[in-house]
1. Counting only residues that are closer than 18 Å to R38 by Cβ and over 16 Å from the mean Cα position of the chain (by Cα), how many does the stretch 60-71 have?
2. Filter the strands (runs of 3 or more DSSP E) completely within the stretch 256-361 down to those with at least 3 residues that are among the charged types (D, E, K, R) and out of contact with any strand residue (DSSP E or B) (no Cβ under 9 Å at 6 or more places or on another chain).
3. Mind telling me which of the residues S246, S316, S260 ends up being hydroxyl-bearing (S, T, Y) and surrounded by 19 or more Cβ atoms within 10 Å (Cβ to Cβ)?
4. Among the listed residues T239, T300, identify the single one that is within 30 Å of G401 (Cα to Cα) and either among the charged types (D, E, K, R) or surrounded by fewer than 18 Cβ atoms within 10 Å (Cβ to Cβ) (or both).
5. Consider D25 carefully, then state whether it is touching a helix residue (DSSP H, G or I) at 6+ places or on another chain (Cβ under 9 Å) and over 20 Å from R185 (Cα atoms).
6. Considering only residues that are over 15 Å from the mean Cα position of the chain (by Cα) and of a type in the set (F, W, Y), which ones fall in the stretch 189-239?
7. Across the stretch 205-250, what is the total count of residues that are of a type outside the set (K, R) and free of Cβ contacts under 8 Å to residues at least 24 places away in the same chain?
8. Going by the conditions given, is A122 under 23 Å from V210 (Cα atoms), in contact with a Leu (Cβ under 8 Å, 6 or more places away or on another chain) and either of a type in the set (D, E, K, R) or in contact (Cβ under 8 Å) with a residue 12 or more places away in the chain (or both)?
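The values are calculated or read from the model by the stated rules, or taken from the named source; none is laboratory data. For clarity, every value in this text was computed on a predicted model and none was experimentally measured. Here the Cβ positions follow ideal geometry from the backbone for every residue, glycine too, while neighbour counts run over all protein chains shown.
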Amino acid sequence: MYLGVGKAVITPPLGTPLAGFGHRDHGAESVRDDLEVRALWLQEEAADDALCLVAADIIGFDDALTGRLRAEMQARYALPPERLLLAASHTHSGPATCEKTVGVGQVVPEVVAMVLQRILDAVAEARSELRPVTLRAGRGLCAGYAVNRRLVREDGVHFVPNLDGPRDDTVTVLAYHDTDDDSIRAVLFHFTCHPTVMGDYAITGDYPGVARRHIENELGNGAVAAFLPGCFGNIRANTAYLGGQSFRPGLPPDLAAFGSALGSEVVRVARGQTLPVTPRLGGKSRTITLPLKGHPDRETLERLAANGTPLEKEWSAGLLAAPFTTTRPFNLHRFDLADKVTLLTMGGETSCEYGLAIKQKRPDAFLIPMGYTNGLIGYICLARQIAEGGYEADTSSVYFGLPSPFAPEIEPRIYAAIDDLLA
């Protein structure tokens, strides 16, 4: 197998609105660390069996940005859409890149165009120097840094640390070794936690960016590292006040501790805890329809557009400008990197429970569940979580420009699509 790697800086100008939080009222004031892109171009003997993976320090690839990149990649390199993986780290301290989100950072078209062009530049760099590699895979553990953030009580669902709630502390490492000298040329690392340690006005790749730089510095020799986002819709960094009953704002020392701990574990696994796997590239996709609970009538939306809160005005105006529909398309992809290494990706903020269930479908292999890829339509919850309510299942729908929360019927449809992809 052959691998090429490329990278680019995508840090936006100061003053750019930052995505992900509703409390910000002005643009970026400083740069804590640069936002970056990592591109990996993989192919076997011929270019027509290629697969391209792009990992970027942005909030997400929505349908519009995904579609533009797919079109460019197909026109330039004849790369089919199902062989392009666009993975967002989901940092909440980068530019807004999703057109339909509401109240969590304004999209600046010039910044999105810059991000798109630099992704294409990184891909071109990756294709320019393909070298033979072997692939090794392994697992580690990074415990104590992530926590479930949904706690169900009699009075409702609370956005607080839930130490007993499901989470996934596993670190999965895929290391590409140069066949000439066995040096590590690239590392893909997968972890399950929201990159929301920081929430101020400084641009940062959050903990995945700190981890990536740690890995690349430790490995040296020009090695690149790329973050694979897990299913962390209901998992966040465990920055809690004393007593652990509520979250506090993250601090720079939290960011450094989390990122360096994860990066150190990735390096430890990559250097001595991996096993060889037989490369085999492949990609296929499924787009399914997920039902929503309903849609407000035009009279209600017009009233909110005229007299609602600023958030309600923006939300209702967006719905009035679009066709009324009570469904959304949901993209799922399967990317095979080796006989026993498969990325199963989904275009939403998927609950951790989906990821844990996916892993159990092939416990003898490296089946890696990912959210935040090739789309970002909203939070994807279990049926019971939808019945429970709370931020992820209910109130978050406004911020994604959805007319209502998703219906509980989405869960069996998603699992059926996953089984179809894995068949």
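1. 1
2. Fully inside the stretch 256-361 and qualifying: nothing.
3. Details: S246 fails: surrounded by 19 or more Cβ atoms within 10 Å (Cβ to Cβ); S260 fails: surrounded by 19 or more Cβ atoms within 10 Å (Cβ to Cβ).
Criteria check complete, one pass: S316.
4. T300
5. No, not satisfied.
6. Y201
7. Of the residues in the stretch 205-250, 6 are of a type outside the set (K, R) and free of Cβ contacts under 8 Å to residues at least 24 places away in the same chain.
8. no
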